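**Student:** Provided herewith is a single structure, encoded as structure tokens, for subsequent inquiry.
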Amino acid sequence: MDTDEYRARVERVYADDPAQWKVAIGPELWFEFGVYDGESGSLDDVGQRYFDQQLELAGLHEGATVNRILDVGFGWGTTLAHMAKRFPGCTRLDGVNISETQIRYAAARLAESGVDDRVHLYRCDARDISHLPDQDPPYDLVIFRGSIAHFTDGTLEAAVAAVSARTRAGSTVLISDPLYTVPTDRYSSAMTDETDRLACGNRKTLSALIAVLERHGFSVADIRELPSNADSVRWLMDVKANIDEHFPIDRPRALQEMADVSVNLAAAMDRGLAAVYSVVARRRPEPA
């Protein structure tokens, strides 16, 4: 499948009314798992807790000096809105996305939050980050949360290469995504059909991701299973329970696929074949 065809598939996943997704994953639309730490909590609470933990692991405490941020695949704008408040001194936050529905929603929520003067949204494929305006200043922080799962191998390679060209020595790349612990050609899904649910069929291993980062000038500073598998499975089951409760019949296709993926990915995690990883990488200095 060529890149344009796969891009269209990803766009279809997020074409539905964001209100439907709010019912499934929480009103604030924290879409990338959550940290429970043995406590109860809303999906919004655990989602924000996870992102804040990642930022702390990267040494980016509240109010830290960050001059420019890029969020690759920013979803409904949740992380951009959060970072605009966490780093009030950051004068430029850029976000790229290919979903027109998500871009419109994010633009409205950012305006409502009063941070739209600092946030710039672009309808842009991750492969084309090099074409974003204003080469200077370079990005201090680049976020990939839940977006790499949608990338073809070629898109991942091109995106990381483009990010490398738009960052400086010491810049941080922060990643969260489900990754596989066995070679993808040896992975056997619990679902026997070949449907590419949620346009996440291009599975990636942890080792493959690290190799791409290293090829393009990044060194891994921190890597860990975060959230824990128990928390990741709990998040998936909470999302599925919301879908089952609020859409018992005639549910939107994307939410049906989300429910299916929740069961399938949880099974892979229980078998030790996949986990959600938090990765912090730093841009290496250019060779002398």
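The values are calculated or read from the model by the stated rules, or taken from the named source; none is laboratory data. Since this is a predicted model, take the numbers as computed values, not measurements. We place every Cβ from the backbone using ideal geometry, glycine too, and count neighbours over all the protein chains shown.
**Student:** Within the group Ala199, Ala162, which residue is under 26 Å from Thr65 (Cα atoms), in contact with a Lys or Arg (Cβ under 9 Å, 6 or more places away or on another chain) and in contact (Cβ under 8 Å) with a residue 24 or more places away in the chain?
**Tutor:** Only one candidate passes the filter, namely Ala162.
**Student:** Are any of the residues in the range 269-276 assigned to a helix (DSSP H, G or I) and over 21 Å from the mean Cα position of the chain (by Cα)?
**Tutor:** Yes, because at least one residue in the range 269-276 is assigned to a helix (DSSP H, G or I) and over 21 Å from the mean Cα position of the chain (by Cα).
**Student:** I need the full set of residues from the range 68-97 which are in contact with a Ser or Thr (Cβ under 7 Å, 6 or more places away or on another chain) and surrounded by fewer than 20 Cβ atoms within 10 Å (Cβ to Cβ), in order please.
**Tutor:** Gly89
**Student:** Moving to a separate point now. For the range 164-178, give me the residue count where each residue is more than 18 Å from the chain's Cα centre (by Cα) and part of a strand (DSSP E or B).
**Tutor:** 5
**Student:** A further question follows. So, of the residues in the range 60-100 that are among the aromatic types (Phe, Trp, Tyr) and within 17 Å of Leu174 (Cβ to Cβ), which turns out to be nearest to the chain's Cα centre (by Cα)? Break it down stepwise before answering.
**Tutor:** Step one: of the range 60-100, the residues among the aromatic types (Phe, Trp, Tyr) are 74, 76, 87.
Filter once more, so that each one left must be within 17 Å of Leu174 (Cβ to Cβ): 74, 87.
Working: Phe74: 7, Phe87: 19 Å.
Looking at the filtered set, the residue picked out is Phe74.
**Student:** For the condition within 21 Å of the chain's Cα centre (by Cα) and in a loop (DSSP other than H, G, I, E, B), what is the one hit in Pro227, Pro287?
**Tutor:** Values: Pro287 fails: within 21 Å of the chain's Cα centre (by Cα).
None of the other options fit; the residue is Pro227.
**Student:** If you take the residues of the range 248-259 that are crowded, with 18+ Cβ neighbours inside 10 Å and touching a residue at least 24 places away in the same chain (Cβ under 8 Å), which of them is nearest to the chain's Cα centre (by Cα)?
**Tutor:** Applying the filter and picking the extreme gives Met258.
**Student:** Also, quick follow-up: Checking Ala19 against (1) of a type outside the set (D, E, K, R); (2) surrounded by 20 or more Cβ atoms within 10 Å (Cβ to Cβ); (3) under 25 Å from Ala199 (Cα atoms), which test does it fail?
**Tutor:** Ala19 satisfies every listed condition except (2).
**Student:** Pick out the one residue from Asp140, Asp177 that is within 28 Å of Thr65 (Cα to Cα), in contact (Cβ under 8 Å) with a residue 40 or more places away in the chain, in contact with a helix residue (DSSP H, G or I) (Cβ under 6 Å, 6 or more places away or on another chain) and surrounded by 13 or more Cβ atoms within 10 Å (Cβ to Cβ).
**Tutor:** So the residue among Asp140, Asp177 that is within 28 Å of Thr65 (Cα to Cα), in contact (Cβ under 8 Å) with a residue 40 or more places away in the chain, in contact with a helix residue (DSSP H, G or I) (Cβ under 6 Å, 6 or more places away or on another chain) and surrounded by 13 or more Cβ atoms within 10 Å (Cβ to Cβ) is Asp177.
**Student:** Turning to a different aspect of this structure: Quick check: anything in the range 240-247 without any contact (Cβ under 8 Å) to a residue 12 or more places away in the chain and under 25 Å from Ala19 (Cα atoms)?
**Tutor:** Yes: one or more hits.
**Student:** Sort out which residues of the range 233-246 are in contact with a helix residue (DSSP H, G or I) (Cβ under 6 Å, 6 or more places away or on another chain) and not charged (D, E, K, R), and write them in order of number.
**Tutor:** Once the filter is applied, which keeps residues that are in contact with a helix residue (DSSP H, G or I) (Cβ under 6 Å, 6 or more places away or on another chain) and not charged (D, E, K, R), the range 233-246 yields Val233, Leu236, Val239, Asn242, Ile243, His246.
**Student:** Oh, and also: Looking only at the range 101-124, which residues are assigned to a helix (DSSP H, G or I) and within 21 Å of the chain's Cα centre (by Cα)? Reasoning before the result, please.
**Tutor:** As a first pass, look at the range 101-124 and keep what is assigned to a helix (DSSP H, G or I): 101-113.
Answer for the range 101-124, where residues must be assigned to a helix (DSSP H, G or I) and within 21 Å of the chain's Cα centre (by Cα): Thr101, Gln102, Ile103, Arg104, Tyr105, Ala106, Ala107, Ala108, Arg109, Leu110.
**Student:** Here's another thing I want to ask about it. What tally of residues in the range 203-223 results from selecting those that are without any contact (Cβ under 8 Å) to a residue 60 or more places away in the chain and not aliphatic (A, V, I, L, M)?
**Tutor:** 7
**Student:** Residues being modelled with pLDDT of 95 or more, polar (S, T, N, Q) and in a loop (DSSP other than H, G, I, E, B): count how many of those fall in the range 4-47.
**Tutor:** Residues meeting the conditions: 1.
**Student:** Here is a follow-up. Starting from the range 56-78, keep only residues that are closer than 20 Å to Val163 by Cα and of a type in the set (Lys, Arg), then list their pairs with residues that are at pLDDT 95 or above and crowded, with 22+ Cβ neighbours inside 10 Å whose Cβ atoms are within a distance under 9 Å, requiring at least 6 positions of separation or different chains.
**Tutor:** Arg68/Leu93; Arg68/Asp94; Arg68/Tyr139; Arg68/Asp140; Arg68/Leu141
**Student:** Oh, and also: Are any residues in the range 22-43 within 21 Å of Ser176 (Cα to Cα) and either touching a His at 6+ places or on another chain (Cβ under 7 Å) or free of Cβ contacts under 8 Å to residues at least 60 places away in the same chain (or both), and if so, which ones?
**Tutor:** Lys22, Gly26, Pro27, Glu28, Leu29, Trp30, Gly38, Gly41, Ser42
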